[in-house]
Amino acid sequence: MLNVTKLNRKRKKTDNATWRESGAPHWLKSDKDKGRRHGGAGRLRTLPTASVGAMGADGGSEAAPATPWRKVLYERQPFPDNYVDSRFLEELRRNVGVRRYRYCAVAREAGLVAQQVSCVAAVLTLWSYMAQGRLSPFMLLGASLLCALLGYVLYEALGGPRGSERTRWADLQSAAIFLAFTFGFSPILKTLTESVSTDTVYAMSAVMLLAHLVSFPYAQPSPPGSLSLNAALFGSVCLASRLPGALHAFAMLTCALLVFALWPCLLHRLRNRAPWTFPWAAVLLSLAAVTGLATLSLGGALLLVLALLALTLLCPLLLLRLQRHKDNIHGPWDEAEIHEDLSRFLH
Amino acid sequence: MVLKIFFPQCCNRADSGLLVGRWVPGFDSVVVLAVIHYPFIPGQVKKYLSEMQSAIQLELTVLGSWSMPKDGQEGMDSFLKDLSTIFPQGRWLQLSRELGKRGFACDDEKEKVIFIHYDQRKVMLSHLHPAHGQEPAAEGVSELRLVFQTVAQSQPLFFLDKYDDGPIKLTHWQSEGREASILVELIKQASVPMCLVLTWLLSLWTQLRILNMWPVRFVSSKLSTCVQLSHRTEHLQTISSPRRAQQHADFMRKANIFVSFLVDIALGLLLISWLYRENRIGRLANTLVPVADHVAKELQELLQWLMGAPAGLKMNRALDQVLGRFFLYHIHLWISYIHLLSPFIEMILWYVGLSACLGLTFALSVVSDIVALLTFHIYCFYVYGARIYCLKIYGLSSLWRLFRGKKWNVLRQRVDSCSYDLDQLFIGTLLFTILLFLLPTTALYYLVFTLLRLGVVLLQGFIHLMIDIINSFPLFAGGLRLFRPYRLAEGVKFKVLCEEPGMSLHLMMEINPLKLSTAVQQYRIPTYSCYPKDSWAALCKKLFVGDLIYPWTPLHKGSKED
């Protein structure tokens, strides 16, 4: 642990130096750095002739006046109109608010994206099994309901602020509404895309699931984002309408609802309450998805593995490597940010 | 300043005497209305003039003297000059004419004089319309208008003709004797009691309480026959009011309504005489039921085509079957109904055809109503299809907003973002998917039935256009313009009669009649039909969204369609 911290400190110093050296433009190098290190925002400085020669129209012909240049417009000063002082842009700060990422943390967070991709893959696998008739809808239905029950128990066990919004009775009502509506609409859903060609259906589902992955609120998955959930459900309805029976469609939709709507809430609670379980859950899910896909097609499984590895291991590395090219400038011209807590004005 | 003397043409050859007329107030002109001949007693003249003045409500005065000396009547001049002392007035005109010469002379050295000759009868009968583009109420009091008014109001002055044995002998346009015909007198005598009878009958009719009850009123507002009936009742009430029309516009309106009514009835009787010969009613009734059957069969075939794969489009089979069977059942009901009625159709048609004696417009309204009744099922289908489509479009647009996570803010009339509950999102997405995939089927049914409905409405609209033309065309005004053009005057034109140096200028005033198109436009009888308020763009938008388009119903405040 000690070594790690020393390593971190050294890295910080070198990082600072790298940024400073690589970032500053050539004409601001020498004096500016000195000025900054000594905090020279308000100091009086005499006019170095070298700087004037670099930019002024008449280099060297001006004698250094007694009064220094001030940054005011309401007084007449003995400087020419295009005079640029040496204190120009001395309040420029570079990359002030930049975060220093740690690889492990980023990789951990990227696990969420990988987990979502594997969810989608799992749903597709289940659909494929049902379409081929290898999975009976009753089994899927039973399994989904069991998982839902287990998940609910886990959710309650993890505790946390219940809030007055949702009681158990309201949850039961929601579940009843879901099941009733899905069961009622399943005959309609079965014949919905009969007249649409298979290619169109597949293309639509692919686009919708992609939209779901792109618009998923990874930062705050608990209230599910409208567009992501709707896109996922639309895609699963399109796929469910290709299944052979009404009960198949019902089972598929229940499973999709479970995976896309209820699982992120549970995951969010897991992450908040028991953070150490989160990586294990993600890894377990990815493994399950890969193995499921492998039973269908090895090529697909290979692609999935590659995608997951790229997401989890490669992309964080890329993010960290690209941080060195960051070049944000800050200064007194930025918009004001309020750091106070203004909620005291509400009460 | 120039003095304008309006001189009637009939007095050009009058014997010497006194000029009677009116000084036009505010202008430097005078209108001569008649000439009183010798011998006369000044006191009687004055009494007569004051009687006339109270009857006419105009300031009639003795204007001056007129001398056209015949043989043996020389030496009148001094006599005429003395007359000016007997009749006190502001100015005294002394006009004289010599036999054989064309021009007059006016012994007034103060100013120049222009003689404007006018045809008294025509000016009396004509009505001067305001100039083109002017509002009738904003017409200024112009000189010409005053002249016309003077002559028109002086009708009682022209009742004395040369056969009257009174103390006064006048010369004016009617002094050769008034024309009268027995027929006109009889009609005039009979019209008053007839008007009273008609008014009484109409009051009985309008007082029928049963006609104001809601179901009858609703049905009668939909049937164009009843609307036409009420329209004609109003017309009859206008005609049969026993008061004479005071204003020219009222008179023209009454006359137009009367003439168009008569022409309508004549055409209707003509139609009846043609229709009831050679058993045409029977033949018509016999073709009506097969026509209705044919229409129903065509519709059934159309629905079968829609239930298959119409034009290669792929419809949702289940919904297709449901809608198709629903509409087919309706058609089946309709055909049974028609077949039930078929024995009675001939009798119904016979009695209904008799109503054409009330006018051709009635016959056309009956035709329009029959068309509406025969195609009632098309109307029903259109309403069903439009309602389903409208609901679907509304639901889709609302659910599309839910799909994106937005909501319609009714208060601010804009789209806001909204965080929905899980169950709302789920059910919303499910419904959105279902509605989206069922849209092509519904849209096709809606399109087909809307086109059918538009066809029927076009036909009905054409019939209504005919009815409207017959109702509103002012035949009397048109006839008047063609055969008596001087009665509708737009202005006057002047022709130079005699321009000799040393003599006054003589002009002939001729009446410029109103243009036929202006006459027709001005005297149009107002009808009950409204013109479409929607532009084409608004109509297309209504069709796209699925709002109902209402047909040619007169009392409806909604949108109309051509």
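Just so it is clear, none of the values below were taken in a lab; they were calculated from the coordinates. Note that this is a predicted model, so its numbers are computed, not measured. Every residue, glycine among them, receives a Cβ derived from its backbone with ideal geometry; neighbour counts consider all protein chains shown.
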For B:GLU179, B:GLU111, A:GLU335, what ranking results if the residue with the fewest other Cβ atoms within 10 Å of its Cβ goes first?
A:GLU335, B:GLU179, B:GLU111
³J(HN,Hα) computed for each position of region B:371-388 - Karplus, 6.51 cos²θ - 1.76 cosθ + 1.60, integer Hz, glycine/proline x:
4, 4, 5, 5, 9, 4, 5, 4, 4, 4, 4, 4, 5, 4, x, 5, 5, 4
How do B:TYR446, B:TYR329 line up, fewest other C-beta atoms within 10 Å first?
B:TYR329, B:TYR446
Gained length - B:TRP274 relative to B:TYR550, 0.36 nm times residue gap less alpha-carbon distance
95.9 nm
Between B:GLU185 and B:GLN207, how high is the FRET efficiency from 1/(1 + (r/R0)^6) when r is the Cβ-Cβ distance and R₀ = 30 Å? Nearest 0.05.
0.30
Kirkwood-type radius of region A:178-238, with distances r between different C-alpha atoms, in Å:
12.7 Å
Longest to shortest principal axis, alpha-carbon extents of region A:192-347, angstrom:
65, 43, 34
Simple label model, 7 Å out from Cα along Cβ direction - B:HIS294 to B:ASP161, nm:
6.5 nm
Using the alpha carbons of region B:256-339, what is the convex hull volume per residue in cubic angstrom, as a whole number?
169 Å³
Over 31 Å (Cα to Cα) among B:LYS222/B:LYS254; B:LYS254/B:LYS495; B:LYS4/B:LYS101 -> B:LYS254/B:LYS495
By how many nm would the segment from B:LYS46 to B:ILE86 lengthen if fully extended, with 0.36 nm per residue of separation less the alpha-carbon distance?
13.4 nm
So if I take the centroid of the Cα atoms in region B:387-465 and the same for region B:303-339, what is the distance between those two points in Å?
22 Å
At 4 °C and 1.567 mPa s, what whole-number value in µm²/s does Stokes-Einstein give for the translational diffusion of region A:105-241, with Rh from the Kirkwood sum over Cα pairs?
75 µm²/s
Over its alpha-carbon atoms, the protein assembly as shown yields an Rg and a Dmax in Å of 50.7, 159
Would you list B:LYS493, A:LYS71, B:LYS46 from fewest to most Cβ contacts within 10 Å?
A:LYS71, B:LYS493, B:LYS46
Taking the radius of gyration and the Kirkwood hydrodynamic radius from Cα positions alone, what is the Rg/Rh ratio for region A:264-319, to two decimal places?
1.07
At 0.36 nm per residue, minus the direct Cα-Cα distance, what do B:ASN286 and B:LEU458 gain on full extension? Give it in nm, one decimal, please.
59.3 nm
For B:HIS332 and B:LEU451, what is the calculated FRET efficiency with R₀ set at 22 Å and r taken between the beta-carbons, to the nearest 0.05?
0.45
Residue by residue through region A:241-253, what is 3J(HN,Hα) from phi via Karplus (6.51 cos²θ - 1.76 cosθ + 1.60, θ = phi - 60°)? Round to whole Hz and write x for glycine and proline.
6, 8, 7, x, x, 5, 5, 4, 4, 4, 5, 4, 5
dims of region B:176-223, Cα set, principal axes, largest to smallest, nearest Å -> 64, 20, 13
Could you list log10 I(q)/I(0) for region A:78-159 at q = 0.14, 0.15, 0.16, 0.24 Å⁻¹, which the Debye formula gives when each Cα is one point scatterer?
-0.81, -0.87, -0.92, -1.16
Take the Cα radius of gyration of region B:330-369 and divide it by 2.2 N^0.38 Å, with N its residue count; two decimals is plenty.
1.45
Computed curve, region B:414-485, Cα-only Debye sum without solvent term, log₁₀ I(q)/I(0) at 0.12, 0.23, 0.25 Å⁻¹, is -0.67, -1.02, -1.06
Could you tell me which of the pairs B:LYS122/B:LYS493; B:LYS162/B:LYS188; B:LYS122/B:LYS515 are separated by over 22 angstrom between their Cα atoms in the structure shown?
B:LYS162/B:LYS188
I'd like the FRET efficiency for B:LEU262 and B:GLN521, computed as 1/(1 + (r/R0)^6) with the beta carbon distance as r and R0 of 25 Å, rounded to 0.05.
0.65
Values of log10 I(q)/I(0), in the order q = 0.10 Å⁻¹, for region B:287-444 under a Debye, Cα-only, solvent-free model
-0.60
For a distance above 29 Å, tell me the whole-number percent of Cα pairs in chain B that qualify.
70 percent
